1. Condition (residue is modelled with pLDDT of 95 or more, surrounded by fewer than 23 Cβ atoms within 10 Å (Cβ to Cβ), under 21 Å from PRO4 (Cβ atoms) and touching a Gly at 6+ places or on another chain (Cβ under 9 Å)) applied to segment 231-242: is it met by at least one residue?
2. For segment 13-35, name all the residues that are open to solvent by 70 Å² or more (accessible area, probe 1.4 Å) and under 16 Å from VAL133 (Cβ atoms).
3. Out of ASP73, ASP95, report the one residue that is exposed (fewer than 15 other Cβ atoms within 10 Å of the Cβ) and charged (D, E, K, R).
4. Filter segment 148-168 for residues that are over 21 Å from the mean Cα position of the chain (by Cα) and either in contact (Cβ under 8 Å) with a residue 40 or more places away in the chain or open to solvent by 50 Å² or more (accessible area, probe 1.4 Å) (or both) and give the result.
5. Check whether at least one residue in segment 103-122 is among the aliphatic types (A, V, I, L, M), at pLDDT 95 or above and part of a loop (DSSP other than H, G, I, E, B), and report yes or no.
6. Evaluate segment 134-147: report whether one residue or more is open to solvent by 10 Å² or more (accessible area, probe 1.4 Å) and under 19 Å from the mean Cα position of the chain (by Cα).
7. Would you confirm whether any residue within segment 103-110 is open to solvent by 20 Å² or more (accessible area, probe 1.4 Å), within 15 Å of the chain's Cα centre (by Cα) and either among the small types (Gly, Ala, Ser) or closer than 19 Å to PRO147 by Cβ (or both)?
8. Considering segment 36-71 alone, what residues qualify as being touching a residue at least 40 places away in the same chain (Cβ under 8 Å) and farther than 26 Å from TRP270 by Cα?
Amino acid sequence: MSNPLVSKKWLLARMYEPNMVIVDCRFQLGAPEAGKTAYAESHIPGAIYLDLESDLSAPVSEHGGRHPLPDPDTLAERLSQAGINNDSVVVAYDDQGGLNASRLWLLLRWLGHDQVYVMDEGFSAWQQNGYPVTTDQHVVIPSSFQPVVRGELIADVEDVRSAIGSPGVLLVDSREAPRYLGQTEPIDAKAGHIPSAINAFWKNNLNAEGKWTSEEQRRTSLSEVIDALDAGREVIVYCGSGVSACPNIVALHSLGYSNVRLYAGSWSDWISYSENPVAVGDK
């Protein structure tokens, strides 16, 4: 399968296969224990829990953003402890429209693992449709995950500095428009965006019920990005901290576009360098 998105029914039919690993990625900014609590209260049978901050990010430092990219070997060890190996089929879910599940999808692909998918709609839809849930804690048998890092999937601050205004590169800001425009900034110390970046809000890939939109609708919402890719331009996607950019990358992959890089540190890393320029409005 090349499409990174799978349906609830697809997972239901395969959830007990021996090489299947289901990962609950629910997380709530500002309430770091909320995801673990939700998992303990109810989750998909057999699912294990991975936390955005303690498992899927490195500790915060001066640079690297609010959710720094984890060390590859440290992440590989955590995946091994979670029972994931190089032959595992991994399906990630959350209750945030694929926000955190897409982060795990990106990280696994970064470590060379392609058999990873994001479940459409999330846990609440799974439960509301009468699919099985449990409070049982899955007994995990540790495995061995050997990373083969694909450095070409990640961009750093130097790559982005070089990309500003470059005719061969398109920068894509995945945050909501008011943050991109610099009209408001509820999280980071500075408002605005990286100069020359366009805005493609990640939630435009979802409908009002939180389900991923049709392929045609995704093509429409990402048309400017797709035009750049079709023209042979490189695309670097960022957001506030390297999380909400990931659903945009998943959406592009679902449409057949893989020449996309994540600026892992994103806006929160960019503004940690005082010399980096900041744009506001539609500049």
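The values are calculated or read from the model by the stated rules, or taken from the named source; none is laboratory data. For clarity, every value in this text was computed on a predicted model and none was experimentally measured. Glycine gets a Cβ as well: all are built from the backbone with ideal geometry, and neighbour counts include every protein chain shown. Just so you know, the surface numbers come from the protein's heavy atoms only, side chains and all, with ligands and any DNA or RNA stripped out. Shrake-Rupley method; radii C 1.70, N 1.55, O 1.52, S 1.80 Å.
1. Within segment 231-242 (the criterion being modelled with pLDDT of 95 or more, surrounded by fewer than 23 Cβ atoms within 10 Å (Cβ to Cβ), under 21 Å from PRO4 (Cβ atoms) and touching a Gly at 6+ places or on another chain (Cβ under 9 Å)), the answer is yes, since at least one residue qualifies.
2. So the first thing to find is which residues in segment 13-35 are open to solvent by 70 Å² or more (accessible area, probe 1.4 Å), and the list is 13-14, 16-18, 28-30, 33.
Listed by number, the list holds a single entry, TYR16.
3. Values: ASP95 fails: exposed (fewer than 15 other Cβ atoms within 10 Å of the Cβ).
Just one listed residue meets the conditions, ASP73.
4. Taking segment 148-168 first, the residues over 21 Å from the mean Cα position of the chain (by Cα) are 158, 161-168.
Answer for segment 148-168, where residues must be over 21 Å from the mean Cα position of the chain (by Cα) and either in contact (Cβ under 8 Å) with a residue 40 or more places away in the chain or open to solvent by 50 Å² or more (accessible area, probe 1.4 Å) (or both): GLU158, ARG161, SER162, ALA163, ILE164, GLY165, PRO167, GLY168.
5. Step one: filter segment 103-122 for residues among the aliphatic types (A, V, I, L, M), giving 104, 106-108, 111, 116, 118-119.
Within this subset, residues satisfying the condition of being at pLDDT 95 or above are 104, 106-108, 111, 116, 118-119.
The next check asks that each one be part of a loop (DSSP other than H, G, I, E, B); those that pass are 111.
Within segment 103-122, one or more residues are among the aliphatic types (A, V, I, L, M), at pLDDT 95 or above and part of a loop (DSSP other than H, G, I, E, B).
6. yes
7. Let us first name the residues in segment 103-110 that are open to solvent by 20 Å² or more (accessible area, probe 1.4 Å), namely 109.
Adding the requirement that they be within 15 Å of the chain's Cα centre (by Cα) leaves 109.
Now narrow it down to the ones that are either among the small types (Gly, Ala, Ser) or closer than 19 Å to PRO147 by Cβ (or both): 109.
Yes; the residues of segment 103-110 include at least one that is open to solvent by 20 Å² or more (accessible area, probe 1.4 Å), within 15 Å of the chain's Cα centre (by Cα) and either among the small types (Gly, Ala, Ser) or closer than 19 Å to PRO147 by Cβ (or both).
8. Here is the first cut: in segment 36-71, the residues touching a residue at least 40 places away in the same chain (Cβ under 8 Å) are 38, 40-48, 50, 52, 56, 62-69.
Once the filter is applied, which keeps residues that are touching a residue at least 40 places away in the same chain (Cβ under 8 Å) and farther than 26 Å from TRP270 by Cα, segment 36-71 yields ALA38, ALA40, GLU41, SER42, HIS43, ILE44, PRO45, GLY46, ALA47, ILE48, LEU50.
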